[in-house]
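Read the figures in this text as sums done on the coordinates, not as results from a lab. Note that the structure is predicted; figures quoted are calculated from it, not measured. Positions of Cβ are generated from backbone atoms using ideal geometry, with glycine treated the same way; all protein chains shown enter the neighbour counts.
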Amino acid sequence: MARPSLDQDAKTFVATLRELGSAAGNGALRTALGWSESRYWKVHSSLIEAAKIIKGRGRGGSVSLA
């Protein structure tokens, strides 16, 4: 089975973030998604560049919807 595209992953990332309350720690979000670190950070970076999410604070960092 083919791996989802970056666009599909981005939609899943945002949807999961919304389910968690529009802001979440990176560790909790990655666990909720069930993704590897490399996949998570690739999608995270693309969403930051597209201004869809905003970096936050916290021990492991956090994100919120833009």
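Points 7 angstrom from Cα along the Cβ direction at residue 8 and residue 65: gap in nanometres?
2.3
Per residue of segment 51-66, in order, report the coupling 6.51 cos²θ - 1.76 cosθ + 1.60 (Karplus, θ = phi - 60°) as ³J(HN,Hα) in whole Hz, putting x for Gly and Pro.
Listing the rounded values in order: 6, 8, 10, 10, 5, x, 9, x, 4, x, x, 8, 9, 9, 6, 6 Hz.
If you wrap the chain's Cα atoms in a convex hull and average its projection over all directions, what's the area in nm²?
Over every viewing direction, the Cα hull of the chain projects on average to 4.2 nm².
Counting other C-beta atoms within 10 Å, which of 63, 14 has the fewest, and how do the rest follow?
Least crowded to most crowded, the residues run 14, 63.
Please give the calculated 222 nm ellipticity per residue for the chain, where each DSSP H segment of at least 4 residues contributes -39500 (n - 2.57) and the sum is spread over every residue; nearest 500 deg cm²/dmol?
-16500 deg cm²/dmol
Relative to the Cα centre, what is the charge dipole magnitude of the chain, using +1 at the beta carbon of each Lys and Arg, -1 at the beta carbon of each Asp and Glu, and rounding to the nearest 20 debye?
Magnitude of the dipole: close to 140 debye.
Relative contact order of segment 6-65, please, whole-number percent, based on alpha carbon pairs below 8 angstrom and at least 6 residues apart.
For segment 6-65, the relative contact order is 41 percent.
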